[in-house]
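A quick write-up on the structure given underneath.
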Amino acid sequence: MHQISSGTRNMTDFSTYSKVRYLIPGNKKPVYFASKGGAEAQLNINADFEDIEVKINDGRCLNPPANLDKEGFELHDHKSMIADFYEIKNQQAKYEAELTNLVLPIIGGEKLVVFDHTLRSDSAEIREAHKIREAATVVHNDYTFNSAHKRVRDLLDHDEAEAKLKNRFVIVNVWRAIAGPAISSPLTCCDAQSVSEENVFASERRAKDRIGELELVSRSVDHKWYYYPEMNRDEVLLIKTFDSAADGRATRSVHTAFRNHLAPIDCPPRESIESRMMVFF
């Protein structure tokens, strides 16, 4: 049984202030061009943005802890047997079995499909060495209603996809630091209860192998941001990126990397993996 992380290594509140990058809505639908990774990898979106300072609260101080159906994210203790996540392609089945055993008991459902693993770093040297991607430094959510349904149809055969789409399904990211603690460029999630649909905009997402959609977000004084200071490789953050249920529970938690002003100058770079999965009910 995997435990929700108590997040109480000490009683210090590491809330901070930092700027997050919001969309400035325009007349045209934004287009996000997925990077190929490497030293020069950077976000490429044909839209205008503004950097707004916000308070980023220490999620470890939340009582009760955040959960997927309310805030849209939750922290769990989870030790992995994967020694080197840069070799994930050779250990994919093993890690995906770990993720299935973690996530299904938390969310419920009858079937889980892991379909993506993305490694990221804010170090150009590490990105170049492993040909991995940059930290995502814009407020976003990974799926829209349309792209979530399209992804199901992409991954399952026609008959199974149409059958699964008649019932509830959820898309979740499992995010983990894979080296030292995530101090530099950590991830912050916005409380789903504080995000209004009027601030969420569909953006086309273009990658080498497909075209999809994600969501970009404009500023709001109502947004409540949280992060988990110094997340280590024995913790995972579950982030809901889509929920087809229309019953009042959280459907998404928008998120972004941010510059942590509490980080020491000589702190190690961020190295992380996020794994995307669908849960069918």
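The values are calculated or read from the model by the stated rules, or taken from the named source; none is laboratory data. This one's a predicted model, so the numbers in the text were calculated from it and none came from an experiment. Counting neighbours? That spans all protein chains shown, and the Cβs are built from the backbone with ideal geometry, glycine included.
Collect the residues in the range 78-112 that are surrounded by 14 or more Cβ atoms within 10 Å (Cβ to Cβ), over 13 Å from Val174 (Cβ atoms) and within 20 Å of the chain's Cα centre (by Cα), keeping them in residue-number order.
Tyr86, Gln92
Surrounded by 15 or more Cβ atoms within 10 Å (Cβ to Cβ), closer than 25 Å to Ala66 by Cα, touching a Phe, Trp or Tyr at 6+ places or on another chain (Cβ under 6 Å) and at pLDDT 95 or above: which single residue out of Arg176, Arg120, Arg168 fits that description?
Answer to the check: Arg168.
Select from the range 32-58 the residues that are surrounded by 15 or more Cβ atoms within 10 Å (Cβ to Cβ) and more than 17 Å from Trp225 (Cα to Cα) and list them in ascending order.
Tyr32, Ala34, Ser35, Gly37, Gly38, Ala41, Leu43, Ile45, Ala47, Phe49 - these are the residues of the range 32-58 that are surrounded by 15 or more Cβ atoms within 10 Å (Cβ to Cβ) and more than 17 Å from Trp225 (Cα to Cα).
Taking the range 26-48, which residues are in contact with a helix residue (DSSP H, G or I) (Cβ under 9 Å, 6 or more places away or on another chain) and either at pLDDT 75 or above or of a type in the set (Ser, Thr, Tyr) (or both)?
The answer is Gly37, Gly38, Glu40.
Need the failing condition index for Tyr143 against (1) buried (at least 20 other Cβ atoms within 10 Å of the Cβ); (2) touching a Leu at 6+ places or on another chain (Cβ under 8 Å); (3) outside any loop (DSSP other than H, G, I, E, B), just the number.
Looking at each condition in turn, Tyr143 falls short on (3).
Return only the number of the condition from (1) loosely packed, with under 14 Cβ neighbours inside 10 Å; (2) touching a Leu at 6+ places or on another chain (Cβ under 8 Å) that Ile132 does not satisfy.
(1)
Here's the yes/no breakdown for (1) of a type in the set (A, V, I, L, M); (2) more than 24 Å from Tyr95 (Cβ to Cβ); (3) buried (at least 18 other Cβ atoms within 10 Å of the Cβ):
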position	(1), (2), (3)
Ser196	no, yes, no
Leu216	yes, yes, yes
Val221	yes, yes, no
Gly248	no, yes, no
Val254	yes, yes, yes
Glu271	no, no, yes
